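The values are calculated or read from the model by the stated rules, or taken from the named source; none is laboratory data. Predicted model, so just to flag it, every value in this text is computed and none were measured. All Cβ positions, glycine included, derive from the backbone under ideal geometry; neighbour counts span all protein chains shown. Surface areas here come from the heavy atoms of the whole protein model, side chains and all, with no ligands, DNA or RNA. Shrake-Rupley method; radii C 1.70, N 1.55, O 1.52, S 1.80 Å.
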Amino acid sequence: MSDTNTSPRLWKAVVPICFICLLYLCSLFLFFCATNSLIYSTVCLLRANASFCAQIDQNKSLIVLEESIQKESAQWNLYGTLSFSIIACFMSPIFGSLSDTKNRKLPIVLTIGNAILTGLIITIASVYQGTQLCLILYLVANVVNGFGGGALILISSCFGYATDSCKEKGQHVQTIALIEASLNIGIVIGYLLCSFIFELHSRIWHILLVNVVLLVVALFISLVFLKTPSITESSTITTRQKIIRPIIDTRDLIVDLKNNHLLVSFLILLISLFFYDMYRMGSGSILYLFLHRISFDDAHYAAYFTFEQLATCLALLILALLKGRWKINDLYLASIGLILSLVGPMLFAFAENNKTMIFGAIPSSMFSVYFAVCLRSIVANLVPQKDKGKAFSFIALIQNLDVVVGTIASVEIYEASIDFFPGLVFIFAAATRVIALILILIQACCVSHTPQLSLTVPVDEVEDPLINTESNENEDDDALIHS
């Protein structure tokens, strides 16, 4: 299909998805910003008076009490994360199967609808700030959120929906980079809104109310502007077959990859993603507590992440320009992103009260996004269109497992080391990314001698999409295979 015919269709698919991702991530980080502050303040109010809690980040005279509050806050964040992520792990293959057997739109609508319900519950919880009921409702909200799969399911479904319109391999990275950019813009706006509302000394429930309104707008866009091309299924399918369908679909994906000699490559990519995301997916609450420990208040916390996400958007723009101008190998770009991502955690580990080192980690984190973008592009090229939902649900499953494992590891390391070296958790982060880098380099070496196909080959015709280079149009198939 020509670029003239493909581009309008591609933009019609990508633009609504970008707006949905922007609004959802904006609301999500308003949610994170509000709930982190809600849990921290509630635990503090249960242990101390309001005047102490108002100055907890600046008042270092009672450091033992502050460390005790940080440890208990970390535990409640751990309980909430586990309540959500364990359920979300079971929901990932179900939503992936829905995406492939029904339509790409359905999981997006269900996830946003569930997030609205979650937002309403946590908004009610904020009314009881400083009481045990607030903490209980926080756990209930996370349980409910788990049944919708959360942000990872929504993002994976959006990638599946958008990449269905890509007819050339080169369009995958650009499409995914655009969606990633919209995600980061949403995060920037979310933190800016959070910082602005905190500066106005507004209540936490004001932030959570804005969160719900943004989700309602995202739901409206998904219902009105997303198409619903459904996959016809036989009416003779029984209820039992529908229940076990996700398991069968997963087995079929594995069998197809094995038959095409791509299963090992697929597993290496997933395992490398697991180690890369282990700290990133599990460190949200710990990072909040660590920055507060070195005298960051809620406004400074939001400002730091605003700058970080703006820098990440710039890095994604550079990536889109690079892929549009040069046919750079995705595995090489993923390796570069991983190498650069090692610098940031090391700066955090030894920052102590040096805010310059904290902000100096931004250039490292901005380019680390190349790994996630390029890996998703490789996976999108690795499987046929009919299996994209299942493949992206595998990624969501891995990331939900990372939420569980990463949160437990981060919380336990931070609690154990807060008395003598609070930065130890960032050494752990660097170590896991080194493992991911080793796996990616192994993958690059394994495929370096395989036949290489042109970027302009349609996705469903690609036999080995792991390495992308330009080939001569006049070469016949035999010459390509034996070259």
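Within segment 167-190, residues that are open to solvent by less than 10 Å² (accessible area, probe 1.4 Å) reach partners that are at pLDDT below 65 and outside any helix (DSSP H, G or I) with beta carbons closer than 6 Å, at six or more positions or on different chains, in the pairs Lys169/Leu455; His172/Cys166; Thr175/Cys166.
Let's see how each residue does on (1) open to solvent by 50 Å² or more (accessible area, probe 1.4 Å); (2) under 29 Å from Leu267 (Cα atoms); (3) part of a helix (DSSP H, G or I):
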residue: Leu321; (1), (2), (3): yes, no, yes
residue: Gly337; (1), (2), (3): no, yes, yes
residue: Glu352; (1), (2), (3): yes, no, no
residue: Phe421; (1), (2), (3): yes, no, no
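For residues in segment 323-335 being touching a helix residue (DSSP H, G or I) at 6+ places or on another chain (Cβ under 7 Å) and open to solvent by less than 20 Å² (accessible area, probe 1.4 Å), which is nearest to Gln443 (Cα to Cα)? Per the criteria, the residue is Leu331.
Of the candidates Tyr301, Tyr332, Tyr288, the single residue that is at pLDDT 80 or above and part of a helix (DSSP H, G or I) is Tyr332.
Checking segment 57-76 against the condition returns no match, with no residue being within 17 Å of the chain's Cα centre (by Cα) and at pLDDT 70 or above. Criterion first (part of a helix (DSSP H, G or I), at pLDDT below 80 and over 22 Å from the mean Cα position of the chain (by Cα)) does Leu347 satisfy it? Here the answer is no, as Leu347 does not meet what is asked. Any residue that is of a type in the set (Phe, Trp, Tyr), at pLDDT 85 or above and in contact with a helix residue (DSSP H, G or I) (Cβ under 9 Å, 6 or more places away or on another chain) - is there at least one of those in segment 369-386? Within segment 369-386, none of the residues are of a type in the set (Phe, Trp, Tyr), at pLDDT 85 or above and in contact with a helix residue (DSSP H, G or I) (Cβ under 9 Å, 6 or more places away or on another chain). The residue of segment 122-163 that is most open to solvent (accessible area, probe 1.4 Å), among those that are more than 27 Å from Phe274 (Cβ to Cβ) and part of a loop (DSSP other than H, G, I, E, B), is Tyr128. For segment 93-112, the count of residues that are touching a Leu at 6+ places or on another chain (Cβ under 8 Å), at pLDDT below 85, part of a helix (DSSP H, G or I) and of a type in the set (S, T, N, Q) is at least one. One residue alone among Leu289, Leu270, Leu262 is touching a residue at least 12 places away in the same chain (Cβ under 8 Å), farther than 24 Å from Ile358 by Cβ and in contact with a Phe, Trp or Tyr (Cβ under 8 Å, 6 or more places away or on another chain), and that residue is Leu270.
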